[in-house]
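The values are calculated or read from the model by the stated rules, or taken from the named source; none is laboratory data. It should be emphasised that the depicted structure is a prediction, and the values quoted were computed from it without experimental measurement. Cβ sites come from the backbone with ideal geometry, for glycine too, and all protein chains shown count toward neighbours. Each accessible area value is taken on the protein alone, full model and side chains, heavy atoms only, with ligands, DNA and RNA left out. Shrake-Rupley method; radii C 1.70, N 1.55, O 1.52, S 1.80 Å.
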Amino acid sequence: MAHIVVDCIERQVRTVSAPFKLPLFYLLDSIAKNAFEPYAAAFSPRIVRLFLDAYHTVDQPTQHKMREMMATWRNGSPSQRELFGPGVQSEIERVWGTSRQPTSSQVQTELDVVLVQKERALQQNPYDEILPRHIQALHEVCEALLYFILN
């Protein structure tokens, strides 16, 4: 059953016009995260090529949204590990040529994702004494990055 769903989504991503690719990736992302097995494993061998092919056909705002989504894959599995297995992000970044030195936009995206995750974790556990310090530190890093970008 999983291979039918994966084939269908891949076929749609490859055939729809650019404005419709991101919603399909959100669908793919949701299925892989919420019904992890067997879907994440079924998408895994295809996800790098599918992501990169789609990424190069969409506009810059959509590319930014795709980078944000991909950043959540680092710890998107139920065990907080890489959603599609080790190396998916590294492979995409290697193809982009960013595996050694990320852009400030990529760093900001990663920071935003981690900040949202920490804030959600704090909502779920309001008595955690460490999370507020992590959140404050992340805000400070974001401010420093913004200062660096603007100067």
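Annotations for the structure displayed:
- Among 92, 134, 69 the positive-end extreme of the charge dipole of the chain (Cβ point charges): 92
- Think of it as helices only: each DSSP H run of n ≥ 4 in the chain is worth -39500 (n - 2.57), and spread over all residues that comes to -24500 deg cm²/dmol at 222 nm.
- Carbon plus sulfur fraction of accessible area for region 101-144, probe 1.4 Å, in percent: 55
- The chain, relative contact order in percent, only Cα pairs under 8 angstrom and at least six apart counted: 18
- Pairs of Cα atoms nearer than 8 Å and 6+ residues apart set the relative contact order; for region 8-66 it is 42 percent.
- Along principal axes, Cα extents of region 1-90, largest first, whole Å: 33, 27, 18
- Sorted largest first by accessible area at a 1.4 angstrom probe radius, with every protein chain in place, the residues 33, 21, 65 fall in the order 65, 33, 21.
- Leading residue at positive end of dipole, region 1-150 (Cβ point charges), from 123, 3, 23: 3
- To the nearest ten degrees, helix 104-124 and the longest principal axis of the Cα atoms of the chain are 80 degrees apart.
- Given +1 at the Cβ of Lys and Arg, -1 at the Cβ of Asp and Glu and no other charges, the dipole of the chain around its Cα centre is 380 debye to the nearest 20.
- Heavy-atom surface of the chain, accessible at 1.4 Å and reported per residue (Å²): 61
- Solvent accessible area, Å² - residue 57, 1.4 Å probe, full protein context: 70
- Calculated on C-alpha atoms, the gyration radius of the chain divided by its Kirkwood radius gives an Rg/Rh of 1.00.
- Difference of contour (0.36 nm per residue) and Cα-Cα distance, residue 68 to residue 107: 13.0 nm
- For region 1-74, with all protein chains in place and a probe radius of 1.4 Å, 61% of the accessible heavy-atom surface sits on carbon or sulfur.
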